[in-house]
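Colleague: Can you read through this structure? Questions will come right after.
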Ligand SMILES: [Zn+2]
């Protein structure tokens, strides 16, 4: 399996344990806690990726508010006693994903994935040789003719070791013509 590092991507950052400013001194108590945490994590299938998010209540203190929007690699400790914030566990199985659909005219497709995206376009009629443009938010624009019966493969790549939000805009430059897309990516 590909080794990934989850760090420092702005709002989407995933932190190993607590951010530095939230880590207290290493008491026996916290050591015990972190051991318990590891044992809990073993209850999930090892190939699954697990992260945690904190959802502060409207009146939560600044410390709690500061934890919003961060992906924690391990279950974060509550910053203070009586913290009522919701802590959610998220889990997904890394691997290949496929999105299939059709477009006539134009449409948008968005998803979160890693840095490599393959898109196969097939012309399912009626124009024999329509031009199709795919504009991505991260890796530029590609334009090609898509002949009937000859699928075309497009390739979009960026360098990233974490998940990014992909946004694709499909445009078919022919009247009454439908293009089928198969998008392959990994997450
Ligand atoms: Zn709280």
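Readers should treat all values here as calculations from the given coordinates under stated rules, not as data from a laboratory. Please read all numbers here as calculations on a predicted model, not as lab measurements. For neighbour counting, all protein chains shown are included, and Cβ atoms are generated from backbone atoms with ideal geometry for every residue, glycine included.
Colleague: Measuring from label point to label point, each 7 Å out along Cα→Cβ, what is the residue 48 to residue 133 span in nm?
Modeller: 4.4 nm
Colleague: Something else now. Pairwise over distinct Cα atoms, reciprocal of the mean inverse distance: report the Kirkwood radius of the stretch 99-178 in Å, one decimal place. Kindly include the intermediate steps, with their values, before the conclusion.
Modeller: Values: mean 1/r = 0.0765 Å⁻¹.
Taking every pair of different Cα atoms in the stretch 99-178, averaging 1/r and inverting gives 13.1 Å.
Colleague: Oh, and also: Please give the peptides 132-139, 148-155 ranked by average Cβ packing (other Cβ atoms within 10 Å per residue), highest first, as a rough proxy for protection. List each step's numbers first, then the result.
Modeller: Working: 132-139: 17.6, 148-155: 12.6.
Sorting 132-139, 148-155 by mean packing, highest first, produces 132-139, 148-155.
Colleague: Tell me, in nm to one decimal, what length is gained between residue 63 and residue 98 on full extension, where the rule is 0.36 nm per residue of separation less the Cα-Cα distance?
Modeller: On the way: separation 35, 0.36 × 35 = 12.60 nm, distance 3.94 nm.
Length gained between residue 63 and residue 98: 8.7 nm.
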